[in-house]
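To start, the structure under review is shown below, and the notes come after it.
Quick note: the coordinates plus some simple rules give every number you see, no bench work behind them. As the structure is a prediction and not an experimental result, all values here were calculated from the model. Glycine gets a Cβ as well: all are built from the backbone with ideal geometry, and neighbour counts include every protein chain shown.
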Amino acid sequence: MNQIFTYSKSSKSVVINDSLRIGGKNRPVIMAGPCSVWDFNRLLDIAERIKDIGGTVLRGGAFKPRTKITDFQGLGLQALQFLGKVSDQTNLPVVTEVMDIKHIDAVAMHADILQIGSRNMYNYPLLREVGMCKKPILLKRGFSATIEEWIGAYEYIGHDKVIFCERGIRSFDHNTRNTLDLAAVPILQSRTALPVIVDPSHATGRRELIEPMSLAAIAAGADGLLIEASTQPDSEKTDSFQTISMETLQRIIQRVNLLCSIPLQ
Ligand code: PEP
Ligand code: MN
């Protein structure tokens, strides 16, 4: 049956494993989890809940790009081990950021998708090197990057297993952390044919805006969402103010599914 909202307007999909493909005609991918990984049991609880409510990928930062050197920088290699173990126990694929060329092998050993963060979108040596390991890559938009510059970054990776992630761009209004550029979704999909997902968490920086912006992203044809969520959002070590509860995440997933199943009359 035809749908009001096509599941996706990308035409190429990225294969993650036997049971997960992102983009193309597949249902929107839901990547969720804490901003940073800092406790094994917390991560396991979160991942089990994500699995129960229909989430598809576990996110969690091991290496955190922080503005201040005195802020929590992530548990690094130990967090990668936690992510790998939780992934084995729950069968959820993992996405996590790689910030440094010297950590690529370790990240690739424990993660199914390697994330290039907004601050590193212009880091051409890192892009070239991460492209060599041939694993799927989540390429975030630089917070001041034009679409041309974003596509330029993708070309440095040198292969097509790339998922773009719109995460907001810096603008003059400070009601939101960044400004979500939803028009970038169909533009990138038509320019590259590759999947484009949306991160409403870093785009808005506000819990109460995650649900409406998630639904808007799916209505705009996004191939999925990347959302900061936790069983205890208030006590997360980083970005707690924009981290949603599992109840809210569940409602978002239900509404995304509903949006994707509304038939044309
Ligand atoms: C993140 O997703 O953990 C993150 C740091 O986001 P960004 O690179 O978009 O700021
Ligand atoms: Mn964060």
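For region 102-110, check the following and say yes or no: at least one residue is surrounded by fewer than 24 Cβ atoms within 10 Å (Cβ to Cβ) and part of a loop (DSSP other than H, G, I, E, B).
no
Scan region 224-232 and tell me whether some residue there is more than 16 Å from ligand 1 (Cβ to nearest atom), at positive phi and within 17 Å of the chain's Cα centre (by Cα). Taking every residue of region 224-232 in turn, none turns out to be more than 16 Å from ligand 1 (Cβ to nearest atom), at positive phi and within 17 Å of the chain's Cα centre (by Cα). Given the structure, is residue 218 touching a Lys or Arg at 6+ places or on another chain (Cβ under 6 Å), farther than 18 Å from residue 179 by Cβ and hydrophobic (A, V, I, L, M, F, W, C)? No; evaluated as a whole, the condition is false for this residue. Going by the conditions given, is residue 44 under 21 Å from residue 240 (Cα atoms) and away from ligand 2 (no atom under 16 Å from the Cβ)? Answer is yes for this residue. Among the conditions (1) of a type in the set (Phe, Trp, Tyr); (2) away from ligand 1 (no atom under 16 Å from the Cβ); (3) surrounded by 15 or more Cβ atoms within 10 Å (Cβ to Cβ), the only one that residue 172 does not satisfy is (3). The set of residues in region 120-169 that are of a type in the set (Asp, Glu) and surrounded by fewer than 20 Cβ atoms within 10 Å (Cβ to Cβ) comprises 129, 148, 149, 155, 160.
A Cβ distance below 8 Å, combined with a sequence gap of six or more or placement on separate chains, defines the contacts here; from region 157-180, residues that are on the phi > 0 side of the Ramachandran plot reach residues that are outside any helix (DSSP H, G or I) and of a type in the set (S, T, N, Q) in the pairs 168/176; 168/178; 168/179.
Taken over region 82-92, the criterion of being loosely packed, with under 14 Cβ neighbours inside 10 Å and among the charged types (D, E, K, R) is satisfied by 88 alone.
Among residues of region 76-121 being in contact with a strand residue (DSSP E or B) (Cβ under 7 Å, 6 or more places away or on another chain), of a type in the set (S, T, N, Q) and within 16 Å of ligand 2 (Cβ to nearest atom), the one that is farthest from residue 157 (Cα to Cα) is 96. Of all residues in region 152-164, one or more are within 15 Å of residue 221 (Cα to Cα) and touching a strand residue (DSSP E or B) at 6+ places or on another chain (Cβ under 8 Å).
The criterion of at least 1 residues that are in contact (Cβ under 8 Å) with a residue 60 or more places away in the chain, surrounded by fewer than 18 Cβ atoms within 10 Å (Cβ to Cβ) and of a type in the set (Val, Ile, Thr) is met, among strands (runs of 3 or more DSSP E) falling completely within region 1-81, by 13-17. The residues of region 233-255 that are under 16 Å from the mean Cα position of the chain (by Cα) and away from ligand 1 (no atom under 16 Å from the Cβ), listed by number, are 252, 253. Here residue 54 passes the criteria (1) on the phi > 0 side of the Ramachandran plot; (2) within 16 Å of ligand 2 (Cβ to nearest atom) except the one numbered (2).
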